[in-house]
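Written out below as structure tokens is the structure these notes cover.
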Amino acid sequence: QVQLQESGGGLVQAGDSLRLSCVGTGGAWSTYAMGWFRQPPGKEREFVATIMWSRSSIFYADSVKGRFTISRDSAKGTVSLQMNNLKPEDTANYFCAARVKTTYTQPSDYEYWGQGTQVTVSS
């Protein structure tokens, strides 16, 4: 059973940066592709970024491309999301997730989820 735990959220101002981390334990989680999703208040969960186990394939949502960077350190068991130039519309609860499927933009593509970490960006 894979378990994921996010950390690093907080309250920042527009233009600031935050780095989210996700620690994975259990099973063979390092062989899973990993992703970050976010869920703004009152809205559906949306795809942010994903990275393959080999780190050879990385994809981003258009809304964060050029500002967010996903990375993973399989030796440490972590996946990170560096978020720069944050905007108020980035305010959301951020989740990391693990998947086996080759598709990656829908929450249903992922088998395991963390509990989420809140990011709030003030204008």
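The values are calculated or read from the model by the stated rules, or taken from the named source; none is laboratory data. The structure presented is a predicted model; accordingly, all values stated were derived computationally and were not measured. Glycine gets a Cβ as well: all are built from the backbone with ideal geometry, and neighbour counts include every protein chain shown. These area figures cover heavy atoms from the full protein model, side chains too; ligands, DNA and RNA do not enter into them. Shrake-Rupley method; radii C 1.70, N 1.55, O 1.52, S 1.80 Å.
Measuring max minus min along each principal axis, the C-alpha atoms of the stretch 12-123 give extents of 41, 27, 23 Å (largest first). Remark: the stretch 111-120, residue by residue, has Karplus-estimated 3J(HN,Hα) of 8, 10, 9, x, 7, x, 9, 7, 10, 10 Hz, where x stands for each Gly or Pro and the curve is 6.51 cos²θ - 1.76 cosθ + 1.60 at θ = phi - 60°. Estimated at the nearest 10 Å², the accessible area of LYS65 is 120 Å² with a 1.4 Å probe. Within the stretch 1-61, the trypsin sites (Lys or Arg not before Pro) that combine a DSSP coil assignment with at most 15 other C-beta atoms in a 10 angstrom radius are LYS43, ARG55. Positive contributions from Lys and Arg (+1) and negative ones from Asp and Glu (-1), summed over other residues with Cβ under 12 Å from the Cβ of ASP109, come out at +2.
The heavy atoms of PHE59 present about 90 square angstrom of accessible area, all protein chains included, probe 1.4 Å. Straight-line cross-link reach from LYS76 at under 29 Å between alpha-carbon atoms covers these lysines, not counting any fewer than eight positions away in the same chain: LYS65, LYS101. Estimate the FRET efficiency between THR25 and GLU46 by the formula 1/(1 + (r/R0)^6), using the beta-carbon distance for r and 25 Å for R0, to the nearest 0.05. Once rounded, the FRET efficiency stands at 0.45. Kirkwood analysis of the stretch 1-78, using all unique Cα-Cα pairs, places the hydrodynamic radius at 13.8 Å.
Taking a straight Cα-Cα cut-off under 19 Å and skipping sequence neighbours fewer than 8 places away in the same chain, the lysines within cross-link reach of LYS43 are LYS87. Once the 1.4 Å probe is applied to the protein heavy atoms, the chain comes out at 50 Å² accessible per residue.
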